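Undergrad: Please find one structure pasted underneath; my questions will follow.
Here, each number is a calculation from the coordinates, and none is a lab measurement. What you see is a predicted model; the values in this text were computed from it and never measured. Here the Cβ positions follow ideal geometry from the backbone for every residue, glycine too, while neighbour counts run over all protein chains shown.
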Amino acid sequence: MRNRLVVAIVGVVALVLAVHDIPISNYLEGVERDRLATRLERDAFIIAGRAEESLEDGVAASDTGIAAMVDRYAVEEQLRVVIVDDAGEGVAGSEPGTIGQDFGNRDEIAEALTSGNPNTGERFSNTLGEDLYFVTVPVLSGDDVVGAVRISAPERVVSDRVANRQRGLLGVALISLAIAAAVAWLLARSITRPLRRLEATTAELAGGDLTARADIDDGPAEIRSLAGSVNSMASRLGQLVARQREFAGTASHQLRTPLTALRLRLEQLQREPDGGGADRGEVVDAAIAETDRLRRMIEGLLLLSRAEDTAVGPTTVDLAAIVRDRAEYWRALADEQRVTIDSTTPAVASVLAVPGAVEQIIDNLVDNALEVSPAGTQLIIGVTAVAPRIELHVVDQGPGLSEAEREHAFDRFWRGEQAEPGGSGLGLAIVRQLAEAGGGSAELRAAPSGGIDAVVSFVPA
Ligand SMILES: Nc1ncnc2c1ncn2[C@@H]1O[C@H](COP(=O)(O)OP(=O)(O)O)[C@@H](O)[C@H]1O
Ligand SMILES: [Mg+2]
């Protein structure tokens, strides 16, 4: 990603430079040619002015200072100077053999001699075998043309000068590109470095180290917020794993007790197949009771782990209808205990709950209540709206629990001192878990009647 970002930024800068510099380069070429033309024309006029006197007198060039002047001038660069008289015959020049040579057949010289006007241009020189750039000016004495001066240079001298300027321009462009690349690299690094670190943290997390945390003060706001999310995900995972571990630990510990009891009974039967002193039937019954307890614990654990799986979201259910149905179901058993079950519900009470949760909740609460209800007492199952929630109440007239016990009652495997043998201690834990899975909550309160008022509050649908 870093490299791609750098390439993109440098590419854009290069494009901008190209769009900007190509017209400038063309413009520079024009300017450079104009400048050279102007300079050569000026020089030619100066030389023409100096040569005027000699030419009008017809004095041989070599006798005057013209030759020396021309030599001095042409030392510079690769300029060639030719001075001709009014007949087009060379009188002085920077090249040997100029004197006496006939230049009248050169277009530019003929033109200057006949029209008396300066001219500038390019042509192929047969003598030199290359393109020639030239400036020709007439030498005037009053109105008479007494000769002409031509300064010429190979075309490549001109293009070299232009290329020089263009190289300068290119140099500036390259420096701009280098700066752009450096800035892009720094920018890209400021983005990718925190991303890399974040990636390293997630790799550590994926590798199983749930204590790994990302730096939330590093990089741009979006990455910091991503780091924050990764961290909260990591802590949540850590908590979940710790809870699962603790759960598995307690569960296996708790399962060991009924298993040990079961083994003791079986060993007793093995030692004394006829039951020994004790009644053989009693030993077998006790063993069966232990297997029942084991079964209930395992069922409870399965239920708890299923309730923790929030893949199934809450749906709308009618709490009132379910209460009426379950009250009917429990009434037969309650009758045997001479306990009356009364349910008070509105016609409909729509709440959010995980499918099957409300039935489980009521069954667990009524099971607990019946366990402690003395004969001749009443058990009330009620549904009331307590804004913004809808509450389920299961009220018994049993012995109740102290405040500390009411809080502990929801702990997994916690059982009261007076609890009948055979329970798993998981019932209320399941109730709370199922209530919370639907967005609700569960608690035990002291009922005015002295017993327990088990309350589960639901989110209305
Ligand atoms: N209505 C109640 N009245 C008195 N004690 C209760 C009541 N409900 C629950 N308890 C106490 O809370 C403990 C935990 O209940 P629960 O989680 O359902 O497990 P279990 O019923 O298997 O013992 C019970 O053992 C009991 O001591
Ligand atoms: Mg119970």
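Undergrad: Can you compute 3J(HN,Hα) from phi for each residue in region 405-414, using the Karplus curve 6.51 cos²θ - 1.76 cosθ + 1.60 with θ = phi - 60°, rounded to whole Hz and x for Gly and Pro?
TA: 5, 4, 6, 5, 4, 7, 5, 5, 6, 6
Undergrad: A further question on this structure: Summing Lys, Arg as +1 and Asp, Glu as -1, what charge do residues with Cβ under 13 Å from the Cβ of Y329 carry, Y329 excluded? Before the final figure, lay out each step's value.
TA: Values: positive: R324, R326, R331; negative: D325, E328, D335, E359, D363, D367.
Summing Lys/Arg as +1 and Asp/Glu as -1 gives -3.
Undergrad: Let me ask you something else. Using helices alone, what [θ] at 222 nm do you get for the chain, with -39,500 (n - 2.57) per DSSP H run of 4 or more residues, divided over all residues and rounded to the nearest 500?
TA: Details: 10 runs with 258 residues, N = 461.
Only helices count here, giving -20000 deg cm²/dmol.
Undergrad: Below 8 Å between Cα atoms, with a sequence gap of 6+, how large is the relative contact order for the chain in percent?
TA: Computed over the chain, the figure is 10 percent.
Undergrad: What ranking of D217, D34, D325 emerges when the number of other C-beta atoms within 10 Å of each C-beta is taken as an exposure proxy, fewest first?
TA: Numbers: D217 7, D34 10, D325 14.
Fewest-to-most ranking of D217, D34, D325: D217, D34, D325.
Undergrad: Indicate, rounded to the nearest 5 percent, the antiparallel portion of the DSSP beta bridges found entirely in the chain.
TA: So the antiparallel bridges amount to about 90 percent of the total.
Undergrad: Arrange M297, M69 by Cβ neighbour counts within 10 Å, fewest through most, would you?
TA: So the residues, fewest neighbours to most, are M69, M297.
Undergrad: Same structure again: Applying the Karplus parametrisation 6.51 cos²θ - 1.76 cosθ + 1.60 with θ = phi - 60° to the phi angles of region 425-442, what ³J(HN,Hα) value in whole Hz is obtained for each residue in order, glycine and proline being reported as x?
TA: Ordered by residue, 3J(HN,Hα) equals x, 9, x, 5, 4, 5, 4, 5, 4, 5, 4, 5, 4, x, x, x, 8, 9 Hz.
Undergrad: Can you find, among L140, A44, M233, the residue farthest towards the positive end of the dipole of the chain? Put +1 on the C-beta of Lys and Arg, -1 on that of Asp and Glu.
TA: Towards the positive end, the residue furthest out is M233.
Undergrad: Moving to a separate point now. Can you list the residues, at least 5 places off or on another chain, whose amide H is less than 5 Å from the amide H of L140, using H built in the peptide plane?
TA: Distant-sequence amide H within range of L140: V146.
Undergrad: Return, for the Cα atoms of the chain, the radius of gyration and Dmax in Å, separated by a comma.
TA: Cα radius of gyration and Dmax of the chain are 54.4, 164 Å respectively.
Undergrad: Quick one: length gained pulling D367 to E130 fully straight, 0.36 nm per residue minus the C-alpha distance?
TA: Here the answer is 73.8 nm.
Undergrad: Could you give the angle, 0 to 90 degrees to the nearest 10, between helix 2-57's Cα long axis and the longest principal axis of the Cα atoms of the chain?
TA: 10 degrees
Undergrad: Now a separate question. Go ahead and run the numbers for FRET between R324 and A181, Cβ-Cβ distance against an R0 of 45 Å, rounding to 0.05. Could the numbers behind the result be given before it?
TA: Values: r = 77 Å, r/R0 = 1.72.
E between R324 and A181, to the nearest 0.05, is 0.05.
Undergrad: Something else about it: Among F45, F458, F124, which comes first, then next, by fewest other beta-carbon atoms within 10 Å? Numbers along the way, then the final one.
TA: Details: F45 17, F458 26, F124 10.
Ascending Cβ contact count within 10 Å gives the list F124, F45, F458.
Undergrad: Could you work out how far helix 280-308 tilts from the main Cα principal axis of the chain, as a 0 to 90 degree angle to the nearest 10?
TA: 30 degrees
Undergrad: Can you compute the FRET efficiency between M233 and E282 using 1/(1 + (r/R0)^6), with r the Cβ-Cβ distance and R0 = 60 Å? Round to the nearest 0.05. Mind showing how you got there, number by number?
TA: Details: r = 55 Å, r/R0 = 0.92.
E(calc), rounded to 0.05, equals 0.60.
Undergrad: Pull up all non-local amide H partners of R445: gap of 5 or more, or a different chain, and H-to-H distance under 5 Å with H placed in the peptide plane.
TA: The answer is D453, A454, V455.
Undergrad: Residue farthest toward the positive end of the dipole of the chain, with Cβ of Lys/Arg at +1 and Asp/Glu at -1: which of I390, F413, S373?
TA: Highest projection toward the positive end goes to S373.
Undergrad: State the extension gain, in nm to one decimal, for the chain segment bounded by V459 and D342, taking 0.36 nm per residue of separation less the distance between their alpha-carbons.
TA: 39.7 nm
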